[in-house]
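Worksheet: one structure, shown below.
The values are calculated or read from the model by the stated rules, or taken from the named source; none is laboratory data. Just so we're clear, the structure is a prediction, and the values are computed from it rather than from any experiment. For neighbour counting, all protein chains shown are included, and Cβ atoms are generated from backbone atoms with ideal geometry for every residue, glycine included.
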């Protein structure tokens, strides 16, 4: 059985908003190579290689979340797997992927977009957590105490 999750209508706009920076990065990034503009002022080979490595790490986190969540989620609060360390691995993966792509494209413009995506994602997290508190109540509050880190262990 395929479980089709749809975010609540209140959160859908934020779901779209937190994917928009990635789309902008993908659209704007190639302009640096095509027109030779907005170059990051470090060695291009180092920057692109670092970007690929960061992108792969972000993709790993994303698929770790995606596979675990889809196997596990049936309408209940998910607290196992990667959720034992951070409450929002999906958002973590989007941040990492965004920075990886920005470096891969060797573009200051895309790096700025990746940085600007952080407050958008934080707003998404805050709104989603309001919804989760209403949906799961005390269970979610206990989970927040047990796992205090939203997107980066020991930092935030």
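Values as computed for the structure displayed
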quantity: Residues that are part of a loop (DSSP other than H, G, I, E, B), at pLDDT 85 or above and farther than 20 Å from residue 18 by Cα, drawn from region 67-90; calculated: 76, 77, 78, 79, 80, 85
quantity: Test: residue 132 is in contact with a helix residue (DSSP H, G or I) (Cβ under 7 Å, 6 or more places away or on another chain), on the phi < 0 side of the Ramachandran plot and loosely packed, with under 15 Cβ neighbours inside 10 Å; calculated: no
quantity: Residue count for region 136-153, restricted to those that are in a helix (DSSP H, G or I) and touching a residue at least 40 places away in the same chain (Cβ under 8 Å); calculated: 6
quantity: Qualifying residue in region 26-35 (condition: modelled with pLDDT under 90, farther than 26 Å from residue 82 by Cα and not in a loop (DSSP other than H, G, I, E, B)); calculated: yes
quantity: Members of region 135-156 found to be under 30 Å from residue 26 (Cα atoms) and buried (at least 17 other Cβ atoms within 10 Å of the Cβ), listed by number; calculated: 150, 151
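Residue-wise test of (1) surrounded by 15 or more Cβ atoms within 10 Å (Cβ to Cβ); (2) touching a strand residue (DSSP E or B) at 6+ places or on another chain (Cβ under 7 Å).
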site	(1), (2)
27	no, no
31	yes, no
40	yes, yes
87	yes, no
